[in-house]
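The block underneath contains the structure these notes are about, expressed in structure tokens.
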Amino acid sequence: VSRFERERRNIPLQDVRQKAEGIFTSKPLSFLKAFITCSLGIHRVGFVMICFGATDAFFSLTLGRLTKYTGRIPVFISGALIHLSVIIMMLIWRPHHSLLWVFYVIAALLGYCDAVWQTQINGKKTEYDYFKTGLNCAKNE
């Protein structure tokens with residue numbers, strides 16, 4: 001257990017991180033099974049997941065730089081709102097093979113949300129550990 005996890009004020013952030021990891025390991029898989037494979041066929045799964053991975057990688061790089069100018073809170077809020085809207089859309093939308101572009105949009109939005117949760121929460125954890133270690137070193141000297 002790291003110092004980040006022991007600190008009381010970081011419990012909600014740690015809880016969000018664990019839930020995000022659970023959602024992002026289950027959501028793309030359920031998205032694959034329920035939407036892509038049944039509607040488009042198994043031959044399209046790889047292309048949609050390439051879209052997810054490419055979007056995730058792009059925004060992981062971009063959001064780290066954007067956070068310098070906007071701060072973490074607006075990025076967290078955008079990730080939460082987009083993630084909530086994608087989940088609601090997946091609940092009410094009836095997939096059809098003629099709407100191929102919607103599958104790619106959902107995969108791209110899930111990639112953005114994954115990039116938000118992973119980069120921002122890991123960045124916050126690293127920032128906390130850095131400052132906590134720096135303060136402890138200063139006290140010991």
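The values are calculated or read from the model by the stated rules, or taken from the named source; none is laboratory data. Because the structure is a prediction, the values reported are computed rather than measured. Backbone-built Cβ (ideal geometry, glycine too); neighbour counts: all protein chains shown. Protein only, heavy atoms only, side chains kept; ligands, DNA and RNA dropped before computing areas. Shrake-Rupley method; radii C 1.70, N 1.55, O 1.52, S 1.80 Å.
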Cβ pairs under 6 Å, 6+ apart, first in segment 38-55 and over 14 Å from residue 109 (Cβ atoms), second open to solvent by less than 60 Å² (accessible area, probe 1.4 Å): 39/95; 44/36; 45/32; 45/36
Take residue 109 and tell me if it is among the aliphatic types (A, V, I, L, M), at negative phi and exposed (fewer than 15 other Cβ atoms within 10 Å of the Cβ). no
What number goes with the only condition from (1) of a type outside the set (Ser, Thr, Tyr); (2) within 28 Å of residue 31 (Cα to Cα); (3) under 18 Å from the mean Cα position of the chain (by Cα); (4) modelled with pLDDT under 90 that residue 125 does not pass? (2)
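Looking only at helices (runs of 4 or more DSSP H) that lie completely in segment 8-99, which have at least 1 residues being under 12 Å from residue 117 (Cα atoms), modelled with pLDDT of 85 or more and open to solvent by less than 70 Å² (accessible area, probe 1.4 Å)? Spell out the reasoning first.
On the way: elements: 11-30, 45-70, 72-92.
Counting at least 1 such residues, we get 45-70, 72-92.
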